[in-house]
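Reviewing the structure listed below.
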Amino acid sequence: MRVRFRGVRGSVPWAVPDGIGHGCNTPCIEVVDDRTGAILVLDAGSGIVGLSPLLTGEPRPVSVLLTHYHWDHLQGLPFFATLYQPGWETTIFSPVLTSHERGWLDTMFKSPFFPVPYEHLPNRPQLQMVRAGELNIGGFEVTALPLNHPGGALAYRVRGAAAVVLDAHFTPKELPQHRGWGHSDWRQCAEFAAANNVGGLWLFHHKPGRSDQELVKIRTDARRIFDATETASEGERLQL
């Protein structure tokens with residue numbers, strides 16, 4: 001299984017010179033099954049545009065699995081290459097949440113928000129609703145678990161993976177001022193990884209404007225709790 005981070009920032013793709021090293025696009029993770037070539041895309045933030053070089057040659061099934069509907073996790077979807085390339089079978093797996101509005105996909109493509117209406121897309125995706133539980137998504141065995149996040153969200157466990165990617169948006173000092181925002185701090189993530197003996201921890205969903213220097217310090221501090229900690233960087237590849 002190959003994993004690549006395509007977007008690692010939270011909230012907004014805010015490009016700042018001292019944060020370029022980790023990347024500035026919003027959440028998207030690419031997972032490829034080495035045996036079958038099947039592609040699983042976790043979330044559709046602005047980082048999803050970076051998958052374009054992968055989506056060439058013989059068309060393959062592509063599964064886009066969404067955690068929730070906040071804008072930073074959807075904003076790249078109208079620009080996803082397979083929606084404009086006939087032959088590619090794209091399925092969007094859409095979580096059933098308390099705040100879920102079934103017409104969300106059509107709304108994204110409506111004027112004045114986007115120039116190409118959904119019904120005019122060259123390759124319209126299939127839409128499939130998912131709930132918490134055991135799922136088979138494009139050949140990947142996935143467990144979906146509910147999260148404590150405004151409006152609801154799902155976390156996903158992909159069978160065969162040996163690492164955990166967690167939202168570390170805040171520092172422990174910042175978190176008390178942001179209770180109820182639905183994000184974690186890096187210390188909570190490191191303690192979770194240590195308690196569950198995971199193979200490796202990648203801190204993710206970095207706060208907009210967080211500099212590379214700050215993220216290096218966060219990684220250093222987190223490693224005092226869980227040694228196998230990394231701060232996810234856009235373009236980084238993992239072989240699991």
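Below, the figures for the structure above:
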quantity	calculated
Potential extension, Asp106-Asn148 segment - 0.36 nm per residue separation minus Cα distance	12.4 nm
Share antiparallel - DSSP beta bridges, region 89-240, percent rounded to 5	45
Gained length - Gln177 relative to Thr36, 0.36 nm times residue gap less alpha-carbon distance	46.2 nm
GNM top mover of Asp227, Asp167, Asp34 - the chain, alpha-carbon springs below 10 Å	Asp34
Angle in degrees between helix 212-223 and the longest Cα principal axis of the chain, rounded to the nearest 10	70
Region 1-109: GluC sites (Glu not before Pro) in DSSP loop, at most 12 other beta carbons within 10 Å	Glu101
Stretch gain in nm, segment Glu191-Leu240, where the contour uses 0.36 nm per residue and the Cα spacing is subtracted	15.4 nm
Sites matching chymotrypsin sites (Phe, Trp or Tyr not before Pro) across region 1-95 that sit in DSSP coil, with at most 16 neighbouring C-beta atoms within 10 Å	Trp14
Proximal aspartates and glutamates to Lys207, defined as alpha-carbon separation beneath 13 angstrom and excluding residues fewer than eight positions away on the same chain	Asp72, Asp167, Glu174, Asp185
Gap separating the Cα centres of region 1-62 and region 149-227, nearest whole Å	19
Max mean-square fluctuation residue, GNM over the chain, Cα-Cα springs under 10 Å, options Asp18, Asp212, Asp43	Asp18
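Laboratory data are not the source of any read-out in this text; all were calculated from the coordinates shown. What you see is a predicted model, and the numbers here were worked out from it, not measured in a lab. Using ideal geometry, Cβ is built from the backbone for each residue, glycine included, and neighbour counts are taken over all protein chains shown.
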